[in-house]
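A.B. asks: For reference, the structure I am asking about is given below.
The values are calculated or read from the model by the stated rules, or taken from the named source; none is laboratory data. This is a predicted model, so every value here is computed, not measured. Note: ideal-geometry Cβ built from the backbone for every residue, glycine included; neighbour counts use all protein chains shown.
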Amino acid sequence: MEIEFDNVYKCIAGKPILKDINYKFFGGKIYGLRGKNGCGKTMLMRSIAGLMKPTNGRILINKKELYKDIEIPDSIGVLIENPAFLPEYSGFKNLKYLADIKNQITEEEIRCVLNKVGLDSNDKRIVRKYSLGMKQKLGIAAAIMEKPSIVLLDEPINALDESGVEKVKKCIMDLKEDNRIIIVACHDRDELNYLSDTIILMSEGKIIGEE
């Protein structure tokens with residue numbers, strides 16, 4: 001698995017958002033994005049997900065050019081900003097509706113991933129009654145349940161209690177199997193250091209280094 005940014009530049013309303021990004025992501029690794037708010041972390045992930053076409057440059061997914069050869073990556077799970085669900089259905093039913101689109105996983109696998117992130121797969125409560133932390137866990141479950149080749153997680157531990165953080169960290173670490181690329185943005189420096197094989201440093205729309 002490989003993602004390549006080839007001189008990617010993005011401008012919105014005359015303002016540069018991403019500036020000449022050149023970088024390669026390789027499978028079997030967790031990449032952490034570090035930088036201040038507005039530095040381009042979320043925009044970089046949105047561009048990989050097929051949600052923001054570059055003004056100039058190319059994004060290659062396994063040598064296929066995004067927005068040209070393919071519209072979105074063939075296998076991707078995404079949690080960017082606030083997860084949205086059908087509020088009048090349970091967490092399980094929400095994931096079941098999503099899973100039915102591709103029909104790749106069983107109901108038992110859906111229940112398994114709910115339990116892994118710390119949600120009760122038999123909970124009949126509707127999502128409208130979920131706490132912010134529960135909605136966050138459900139968003140993570142939706143992103144990882146089909147075991148995608150690319151996983152993008154923007155602030156995955158936001159609003160989680162200590163127990164929830166530990167469960168989600170283990171889920172993220174387990175994702176490295178099978179040559180997946182995992183990209184995580186997180187404000188908690190210690191947690192990002194713990195999770196990441198490589199830290200990408202961003203500032204004002206540029207990659208300025210790595211750790």
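A.B. asks: Among the residues of the stretch 137-158, are any surrounded by fewer than 18 Cβ atoms within 10 Å (Cβ to Cβ) and of a type in the set (Val, Ile, Thr)?
C.D. replies: Looking for residues that are surrounded by fewer than 18 Cβ atoms within 10 Å (Cβ to Cβ) and of a type in the set (Val, Ile, Thr), one finds none in the stretch 137-158, hence no.
A.B. asks: Pick out, from the stretch 82-185, the helices (runs of 4 or more DSSP H) lying fully within it that include 3 or more residues that are in contact with a Phe, Trp or Tyr (Cβ under 9 Å, 6 or more places away or on another chain), under 23 Å from Thr42 (Cα atoms) and touching a residue at least 12 places away in the same chain (Cβ under 8 Å).
C.D. replies: The qualifying helices (runs of 4 or more DSSP H) are 132-144.
A.B. asks: In the stretch 34-53, is there at least one residue being within 18 Å of the chain's Cα centre (by Cα), assigned to a strand (DSSP E or B) and among the hydrophobic types (A, V, I, L, M, F, W, C)?
C.D. replies: No.
A.B. asks: What are the pairs with Cβ atoms under 6 angstrom where one residue, in the stretch 19-30, is on the phi < 0 side of the Ramachandran plot and the other, located anywhere, is loosely packed, with under 14 Cβ neighbours inside 10 Å and modelled with pLDDT under 95? Sequence gap at least six, or different chains.
C.D. replies: Pairs found: Gly27/Asn179.
A.B. asks: Output the residues belonging to the stretch 186-211 that are in contact with a helix residue (DSSP H, G or I) (Cβ under 8 Å, 6 or more places away or on another chain), more than 18 Å from Ile80 (Cβ to Cβ) and in a strand (DSSP E or B).
C.D. replies: Ile199
A.B. asks: Does any residue of the stretch 104-121 turn out to be in contact with a strand residue (DSSP E or B) (Cβ under 9 Å, 6 or more places away or on another chain) and under 18 Å from Leu160 (Cβ atoms)? Walk me through it before giving the result.
C.D. replies: Taking the stretch 104-121 and keeping what is in contact with a strand residue (DSSP E or B) (Cβ under 9 Å, 6 or more places away or on another chain), we get none.
Scanning the stretch 104-121 turns up no residue that is in contact with a strand residue (DSSP E or B) (Cβ under 9 Å, 6 or more places away or on another chain) and under 18 Å from Leu160 (Cβ atoms).
A.B. asks: Still on this structure, I have one more. Going by what's in this entry, would Lys170 be described as in contact with a Gly (Cβ under 6 Å, 6 or more places away or on another chain) and more than 24 Å from Ile59 (Cβ to Cβ)? Spell out how you get there, then give the answer.
C.D. replies: Details: in contact with a Gly (Cβ under 6 Å, 6 or more places away or on another chain): no; more than 24 Å from Ile59 (Cβ to Cβ): yes.
Here the answer is no, as Lys170 does not meet what is asked.
A.B. asks: If you don't mind, there's one more thing I want to ask. Are there any pairs, at least 6 apart or on different chains, whose C-beta atoms fall under 6 Å, with the first in the stretch 51-68 and in contact (Cβ under 8 Å) with a residue 12 or more places away in the chain and the second in a loop (DSSP other than H, G, I, E, B) and among the basic types (Lys, Arg), and if so, which?
C.D. replies: Listed pairs, sorted by first residue: Tyr67/Lys53.
A.B. asks: Of these, Asn62, Asn82, Asn56, Asn37, which one is touching a helix residue (DSSP H, G or I) at 6+ places or on another chain (Cβ under 9 Å) and surrounded by fewer than 17 Cβ atoms within 10 Å (Cβ to Cβ)? First the steps, then the outcome.
C.D. replies: Details: Asn62 fails: touching a helix residue (DSSP H, G or I) at 6+ places or on another chain (Cβ under 9 Å); Asn56 fails: touching a helix residue (DSSP H, G or I) at 6+ places or on another chain (Cβ under 9 Å); Asn37 fails: touching a helix residue (DSSP H, G or I) at 6+ places or on another chain (Cβ under 9 Å).
Result of the check over Asn62, Asn82, Asn56, Asn37: Asn82.
A.B. asks: On to the next question. Looking at (1) of a type in the set (A, V, I, L, M); (2) at pLDDT 95 or above; (3) more than 24 Å from Lys10 (Cβ to Cβ), which is the only condition Ile157 fails?
C.D. replies: Condition not satisfied by Ile157: (2).
A.B. asks: Can I ask one more? Using the structure shown, decide if Glu81 is at pLDDT 95 or above, among the acidic types (Asp, Glu) and touching a strand residue (DSSP E or B) at 6+ places or on another chain (Cβ under 9 Å).
C.D. replies: no
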